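K.L.:
Sharing a structure with you now.
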Amino acid sequence: MQDRSEHAFLGEEFLTWLWYRSETGQATFTLRDRSEVAISLDDFLCIGGNEDETEQTLRKGLPTRSHEATAALASGKRLVKARLIVAEGDDEWTLTLDGPRFAFGSVRRNNPEADSESAEARDIERIQSFVRVGEVLDGIYGAFLDERLQENFSATTLDAMRGWVEARGARD
């Protein structure tokens, strides 16, 4: 059994919100530093609920479009982990985000490294890139929290997300 904090649900809600935003054409964000970033879900999803429930892992192809994913959402489950693609300008990263822990791993920068001639310069660029993707995720999470903490969240975003889940079910 894993040890989860009392706020783990926020990371799960964040990932599920990203999924919703991605599928409804709202996956581009303007961060506080005025940079524009986009996010999409890739080929790995882990869907669950509380720590006593079974988790379902979907891999390969388009798991976000699967019947299993729709059924899990319809039953009230949230996204626990997902592989994300994060894009900012010419930079693109693929990473796995663990929602309950808000920890990311398997981070890979998808664009070619800059033309640095020294190994030290390439290492510095990789570190700067890793720091930047962390800042981007923090910025998107900040946008989620701004929306999530609105008094009318249930009447607006949550209702829209429920409609999205229902529409997925009707489509299947």
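Each value in this text was obtained by applying a stated rule to the coordinates, not by laboratory testing. No experiment lies behind these values; they were computed from the predicted model shown. FYI the Cβ positions are ideal-geometry reconstructions off the backbone, even for glycines, and counts take in every protein chain you see.
K.L.:
Whole-Hz ³J(HN,Hα) for each residue in segment 41-47, computed from phi via Karplus 6.51 cos²θ - 1.76 cosθ + 1.60 with θ = phi - 60°, x for glycine and proline: what do you get?
P.N.:
In residue order, the calculated couplings are 8, 9, 9, 8, 9, 10, 10 Hz.
K.L.:
Let me ask something else about it. Just checking my list (1) 29, 18, 16; (2) 33, 17, 14; (3) 22, 20, 17 against semi-axes √(5λ) of the Cα gyration tensor in Å computed from this structure; which label fits?
P.N.:
The calculated read-out lines up with (1).
K.L.:
Right, next: How would you rank Trp93, Trp19, going from fewest to most other Cβ atoms within 10 Å of each one's own Cβ? List each step's numbers first, then the result.
P.N.:
Numbers: Trp93 22, Trp19 25.
The order, fewest Cβ neighbours first, is Trp93, Trp19.
K.L.:
Here's something else I'd like to know. With 10 angstrom as the radius, rank Val136, Val107 by how many other C-beta atoms surround their C-beta, starting from the fewest. Let's see the in-between values first.
P.N.:
Values: Val136 21, Val107 16.
With the fewest neighbours first, Val136, Val107 line up as Val107, Val136.
K.L.:
Using the number of other C-beta atoms within 10 angstrom as an exposure proxy, rank Ile140, Ile47 with the fewest first.
P.N.:
Ile140, Ile47
K.L.:
Continuing with the same structure: Indicate the gyration tensor shape class of segment 1-79 (rounded, prolate or oblate), computed on the Cα atoms with a ≥ b ≥ c the square roots of the eigenvalues: a/c under 1.5 is rounded; otherwise a/b larger than b/c is prolate and the rest oblate. Please report the intermediate quantities before stating the final value.
P.N.:
On the way: a/c = 2.32, a/b = 1.35, b/c = 1.72.
Since a/c reaches 1.5 but b/c is at least a/b, the shape of segment 1-79 is classed as oblate.
K.L.:
Taking amide H atoms as placed 1.01 Å from N in the peptide plane, list the residues 5 or more away in sequence, or in a different chain, whose amide H sits under 5 Å from that of Leu84.
P.N.:
Excluding prolines and chain starts, which carry no amide H, the hits are Asp42, Leu95, Thr96, Leu97.
K.L.:
Something else now. Hey, rough spin-label estimate for Arg32 and Val131, points 7 angstrom out along Cα→Cβ, what's it come to in nanometres?
P.N.:
Computed distance between label sites Arg32 and Val131 equals 1.7 nm.
K.L.:
Using the Karplus equation 6.51 cos²θ - 1.76 cosθ + 1.60 (θ = phi - 60°), what ³J(HN,Hα) coupling, rounded to whole Hz, does each residue of segment 13-20 give in order, writing x for Gly and Pro?
P.N.:
Computed from phi, the couplings for segment 13-20 are 5, 4, 4, 5, 4, 4, 4, 4 Hz.
K.L.:
Where does the chain land at 222 nm, in deg cm²/dmol rounded to the nearest 500, when only DSSP H runs of n ≥ 4 count, each adding -39500 (n - 2.57), divided by all residues?
P.N.:
Details: 4 runs with 67 residues, N = 172.
Calculated mean residue ellipticity at 222 nm is -13000 deg cm²/dmol.
K.L.:
Here is a follow-up. Each residue of segment 78-93 in turn: what ³J(HN,Hα) in whole Hz from Karplus with 6.51, -1.76, 1.60 and θ = phi - 60°, glycine and Pro shown as x?
P.N.:
Each residue's phi maps through the Karplus curve to give 10, 6, 9, 9, 7, 8, 10, 10, 10, 10, 9, x, 7, 8, 9, 10 Hz.
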